[in-house]
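Chemist: This is the structure, below, for whatever I ask next.
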Amino acid sequence: MAADTLAGIFQVLRRRPDVEAPNLQAWDATDRLLLETAVQLGRAGSTVAVIGDRYGALTLGASAVLAPASLRVHQDLITGERALRLNAEELGAGIPFVQLPLGEELLAGADTVLLQLPKTLAELEEIAAAVALHAAPDVRLLAGGRVKHMSLGMNAVLERYFLSVQPQLARQKSRILLAAGPKPPTTAARFPVVEHLAELDLDVAAHGAVFAGPRLDIGTRFLLAFLPAMKPARLAVDLGCGTGILAAMYARQFPAAAVTATDQSAAAVQSALATARANGLADRISVLQDDALGTFSDGSVDAVLLNPPFHVGAGVHAGAGLKMIEAAGRVLASGGELWTVYNRHLAYLPALERHVGPTVVEGRNAKFTVTRSTRSPR
Ligand SMILES: C[S@@+](CC[C@H](N)C(=O)[O-])C[C@H]1O[C@@H](n2cnc3c(N)ncnc32)[C@H](O)[C@@H]1O
């Protein structure tokens with residue numbers, strides 16, 4: 001019965017505004033296993049919190065098969081949040097859900113938490129700490145993932161926050177870790193983590209889900225070496241800001257510039273905000289959660305700094321980087337500059353020339369290329 005209902009819902013789900021392709025699905029076997037396990041555990045009618053829903057499969061599935069008394073959801077990516085809303089509209093009436101940041105409002109009183117296990121242990125740690133701290137004492141945390149992406153380290157993280165962590169039988173290459181009995185908060189790690197990067201004399205703040213954590217990525221380090229060669233800008237953008245190191249260092253180098261640090265990830269923009277505050281730069285740096293500069297108008301900025309991602313999920317994928325290059329070309333004013341660092345095996349030059357304008361290779365080392373692209377007049 002639940003299986004049929006879920007099949008009907010999953011069939012309607014789409015990933016837009018994220019990339020769509022015939023081989024890319026908006027749900028996976030873990031979503032189904034999480035929901036069916038919750039039904040078997042008798043969690044229907046309960047107060048449900050969903051964390052890490054990709055495109056709405058868990059939230060909309062829970063709405064249908066658990067008929068929860070209350071349904072709240074946290075997703076890190078703004079594209080996932082939008083896909084959930086669009087899929088909910090498509091499916092029509094169901095139990096309403098509320099989209100919230102990871103924290104007390106999301107988890108207060110929750111007796112059932114459905115979690116798609118995140119990629120990193122740091123992200124799992126932040127989630128587990130929040131669930132243990134804020135959810136109901138009788139909470140059941142169902143943490144599911146693809147077996148090939150799961151590690152014993154995940155059990156260990158959950159065991160730091162819960163008295164009982166039981167791996168369930170695997171099904172269709174997915175498995176659930178069932179955690180119960182939140183431990184008292186004395187052991188809780190504090191997020192964002194703040195560390196001092198001596199080589200930059202910068203405090204870096206990192207929430208669990210953010211790229212590179214509180215460390216300096218080696219590509220970012222290479223791009224920073226070119227700061228003195230950059231033209232001072234009135235308005236500069238750190239596109240895909242992560243912890244906001246590029247934004248902070250740019251703001252320091254060019255005291256007259258206003259800087260926007262923007263990322264699709266909630267954890268990233270919260271980290272960048274905390275980094276700006278930790279270094280006394282909060283009045284110079286604003287942060288914005290946005291998908292590839294979607295809310296910026298054409299020709300509105302003078303400089304963009306970009307260290308694009310080249311891994312999407314578990315696969316190597318240049319599409320995310322190309323989308324960001326295209327976005328940079330759109331928002332730059334004529335004569336404005338895009339500075340990009342990327343793995344030297346990636347063939348980004350044609351895209352930089354096409355979407356932005358004349359592009360010069362300013363530096364190369366064993367791993368990375370740094371380019372300066374100047375926006376051609378429109
Ligand atoms: C390689 S990391 C660089 C982070 C940071 N700038 C640094 O140098 O440490 C790439 C960042 O791009 C972000 N990102 C990926 N796709 C994006 C999109 N469509 N819109 C905004 N940010 C995106 C990721 O969330 C990630 O934080």
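The values are calculated or read from the model by the stated rules, or taken from the named source; none is laboratory data. Only a predicted model underlies this, so the values are computations on that prediction, with no experimental measurement involved. With ideal geometry, Cβ positions are generated from the backbone for all residues, glycine too; neighbour counts draw on all protein chains shown.
Chemist: Based on what the data block shows, is V341 free of Cβ contacts under 8 Å to residues at least 40 places away in the same chain and of a type in the set (V, I, T)?
Modeler: No, not satisfied.
Chemist: Related question: Conditions first: (1) within 11 Å of the ligand (Cβ to nearest atom); (2) closer than 21 Å to L235 by Cβ. L332 passes all but one, so which condition is the exception?
Modeler: Result: L332 fails condition (1) only.
Chemist: Shifting gears a bit: Could you list, ordered by first residue, the pairs with Cβ atoms under 7 Å in which the first is in segment 61-72 and at positive phi and surrounded by fewer than 21 Cβ atoms within 10 Å (Cβ to Cβ) and the second is assigned to a loop (DSSP other than H, G, I, E, B) and not acidic (D, E), at least 6 apart or interchain?
Modeler: Close Cβ pairs satisfying both conditions: A67/A44; A67/G45; A67/I95.
Chemist: Can you work out which of the residues in segment 24-51 that are among the polar types (S, T, N, Q) and outside any strand (DSSP E or B) is farthest from H149 (Cα to Cα)?
Modeler: Going through the qualifying residues, I end up with S46.
Chemist: Please state which one of A274, A209 is over 21 Å from P308 (Cα atoms), buried (at least 22 other Cβ atoms within 10 Å of the Cβ), hydrophobic (A, V, I, L, M, F, W, C) and in contact (Cβ under 8 Å) with a residue 60 or more places away in the chain. Steps first, answer last, please.
Modeler: Working: A209 fails: over 21 Å from P308 (Cα atoms).
On inspection, the qualifying residue turns out to be A274.
Chemist: Only one residue in R364, R378 is modelled with pLDDT of 95 or more and surrounded by fewer than 18 Cβ atoms within 10 Å (Cβ to Cβ), so which one is that?
Modeler: R364
Chemist: Of everything in segment 327-346, what is small (G, A, S) and part of a helix (DSSP H, G or I)? Give them in sequence order.
Modeler: A327, A328, G329 - these are the residues of segment 327-346 that are small (G, A, S) and part of a helix (DSSP H, G or I).
Chemist: Please identify the pairs in which a residue from segment 243-270 that is closer than 29 Å to R82 by Cα and touching a residue at least 60 places away in the same chain (Cβ under 8 Å) has its Cβ atom under 9 Å from the Cβ atom of a residue that is surrounded by fewer than 24 Cβ atoms within 10 Å (Cβ to Cβ) and of a type in the set (V, I, T), counting only partners at least 6 apart or on another chain.
Modeler: These pairs meet every condition: L246/T220; Q264/I78; Q264/T79; S265/I78; A266/I78.
Table: residues versus (1) surrounded by 15 or more Cβ atoms within 10 Å (Cβ to Cβ); (2) more than 16 Å from the ligand (Cβ to nearest atom).
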| site | (1), (2) |
| --- | --- |
| R82 | yes, no |
| A93 | no, yes |
| Q99 | yes, yes |
| V113 | yes, yes |
| G144 | yes, yes |
| A156 | no, yes |
| I176 | yes, yes |
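Chemist: Read through the list (1) part of a loop (DSSP other than H, G, I, E, B); (2) not assigned by TED's automatic domain parsing to the domain that holds A327, then give the number of the only condition that G181 fails.
Modeler: Status for G181: all satisfied but (1).
Chemist: Can you tell me how many residues in segment 238-260 are more than 8 Å from the ligand (Cβ to nearest atom) and within 19 Å of F310 (Cα to Cα)?
Modeler: 0
Chemist: Would you mind stating whether L121 is touching a residue at least 24 places away in the same chain (Cβ under 8 Å), under 21 Å from the mean Cα position of the chain (by Cα) and buried (at least 24 other Cβ atoms within 10 Å of the Cβ)?
Modeler: The answer is no for L121.
Chemist: Here are the criteria: (1) touching an Asp or Glu at 6+ places or on another chain (Cβ under 7 Å); (2) surrounded by fewer than 24 Cβ atoms within 10 Å (Cβ to Cβ); (3) closer than 19 Å to A179 by Cα. Tell me which single one T37 does not satisfy.
Modeler: (1)
Chemist: Within segment 222-237, take every residue that is part of a helix (DSSP H, G or I) and surrounded by fewer than 16 Cβ atoms within 10 Å (Cβ to Cβ) and give me the one that is nearest to the ligand (Cβ to nearest atom).
Modeler: Applying the first criterion (part of a helix (DSSP H, G or I)) to segment 222-237 yields 222-224, 227-229.
So of that shortlist, the ones also surrounded by fewer than 16 Cβ atoms within 10 Å (Cβ to Cβ) come out as 227-229.
Numbers: L227: 13, P228: 18, A229: 18 Å.
Going through the qualifying residues, I end up with L227.
Chemist: Return yes or no: is E353 free of Cβ contacts under 8 Å to residues at least 60 places away in the same chain and either in the same structural domain as L227 (by TED's automatic domain parsing) or within 9 Å of the ligand (Cβ to nearest atom) (or both)?
Modeler: Against the criterion (free of Cβ contacts under 8 Å to residues at least 60 places away in the same chain and either in the same structural domain as L227 (by TED's automatic domain parsing) or within 9 Å of the ligand (Cβ to nearest atom) (or both)), E353 qualifies.
Chemist: Strands (runs of 3 or more DSSP E) wholly in segment 240-317 with at least 3 residues that are closer than 30 Å to I51 by Cβ, in contact with a strand residue (DSSP E or B) (Cβ under 8 Å, 6 or more places away or on another chain) and at pLDDT 95 or above - which ones?
Modeler: Numbers: elements: 258-263, 285-289, 301-306.
Counting at least 3 such residues, we get 258-263, 285-289.
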